[in-house]
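Worksheet: the structure to be examined is printed underneath.
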Amino acid sequence: IEGNVAAGANLGGYWFETFERGPHGPYASWPEYSDFNPKIRPLGSFKDNVVHSVGERGIRMYDPGYAPEEEFTFYNTRAYKNNDHGIFIHGTKNMVMDGGVFADNKVNIRNFNDRTIFRNLELIGTSDLVRERDP
């Protein structure tokens, strides 16, 4: 996932569904997905992505969390003017956030574990426009 923009959604931008039970919908019964476990499957690349102006969380990795055996890195992520969190991380391990900007979110980063590394990030509070919107 590289160079994408998620914007203006009612709920969230990038949502990582990490239940251990496999895919949902029409793919759930396909034999080739019988041993598919999204909780540990390698993510691939997440680089130069933007999320802004969504109704809730810009990026969501919710319980039970994403827990691959190898470290994975989000590079140069920008999250701004989301009505709730820039990124919401719960139950995730082996994650690195490297580079990027989080600004004008109600909460820039919410991390419910001690297994995430944050480096080279610019965190900016709220502008006057956001303070007026969310007194």
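The values are calculated or read from the model by the stated rules, or taken from the named source; none is laboratory data. Fair warning: this is a prediction, and the values are worked out from it, not measured in the lab. Note: ideal-geometry Cβ built from the backbone for every residue, glycine included; neighbour counts use all protein chains shown. Surface accessibility is based on the protein's heavy atoms, side chains included, excluding ligands, DNA and RNA. Shrake-Rupley method; radii C 1.70, N 1.55, O 1.52, S 1.80 Å.
Annotation: D48 carries an accessible surface of approximately 70 Å², with a 1.4 Å probe and no ligand, DNA or RNA atoms counted.
Loop-located chymotrypsin sites (Phe, Trp or Tyr not before Pro) across region 1-42 with a Cβ neighbour count of 15 or fewer within 10 Å are F19, F36, with loop assigned by DSSP. Close amide H contacts of N105 (hydrogens built in the peptide plane, cut-off under 5 Å, sequence separation of 5 or more or a different chain): K81, N82.
Of F72, H24, N49, which is farthest on the positive side of the dipole of region 1-96, counting Cα position, with +1 on Lys and Arg Cβ, -1 on Asp and Glu Cβ, and the Cα centre as origin? About the Cα centre, the residue reaching furthest to the positive side is N49. Quick one: dipole size for region 72-124, taken about the Cα centre, charges +1 on Lys/Arg Cβ and -1 on Asp/Glu Cβ, in debye to the nearest 20. In total the dipole reaches around 100 debye.
Counting other Cβ atoms within 10 Å, keep those with at most 11, restrict to DSSP loop, and tell me which trypsin sites (Lys or Arg not before Pro) in region 27-63 are left. It would help to have the intermediate numbers written out before the result.
Values: sites: K39, K47, R57, R60; in loops: K39, R57.
Here no trypsin sites (Lys or Arg not before Pro) fit, given the DSSP loop and packing criteria.
Using 0.36 nm per residue and subtracting the Cα-Cα separation, the extra length available between K93 and D114 on full extension is 6.7 nm. Annotation: amide H of F118 within the under-5 Å range of M97, sequence separation 5 or more or interchain, hydrogens built in the peptide plane. Normalising the Debye intensity of the chain to I(0), with uniform scatterers on Cα atoms only, and taking log10 at q = 0.09, 0.13, 0.14, 0.16 Å⁻¹ returns -0.28, -0.56, -0.64, -0.81.
For L11, L43, what's the largest-to-smallest order of accessible area, 1.4 Å probe?
Details: L11 95, L43 55 Å².
Listed by decreasing accessible area, they come as L11, L43.
Compared with the rule-of-thumb size 2.2 N^0.38 Å for a compact globular protein, region 65-135 has a Cα radius of gyration ratio of 1.18.
When you restrict to C-alpha pairs under 8 Å that are six or more residues apart and normalise by the size of the chain, the relative contact order lands at 21 percent. The distance separating the Cα centre of region 72-119 from that of region 1-70 comes to 14 Å. Of the residues L129, N113, G58, the one whose Cα sits farthest towards the positive end of the charge dipole of region 47-135 is L129 (charges of +1 on Lys and Arg Cβ, -1 on Asp and Glu Cβ, taken about the Cα centre).
Would you calculate, for the chain, the mean residue ellipticity at 222 nm contributed by helices, counting each DSSP H stretch of 4 or more residues as -39,500 (n - 2.57) and dividing by all residues, to the nearest 500?
Details: 1 runs with 6 residues, N = 135.
Helix contribution divided over all residues of the chain: -1000 deg cm²/dmol.
In this rough spin-label picture, where each label sits 7 Å from Cα along the Cβ direction, the H24-R41 distance is 1.4 nm.
Less than 5 angstrom separates the built amide H of R60 from those of Y14, W15, F16, F88, all sequence-distant by 5 or more or on a different chain. Phi angles across region 67-76 convert, under the Karplus curve 6.51 cos²θ - 1.76 cosθ + 1.60 with θ = phi - 60°, into 3J(HN,Hα) values of 9, x, 6, 9, 4, 10, 10, 9, 9, 6 Hz, Gly and Pro given as x.
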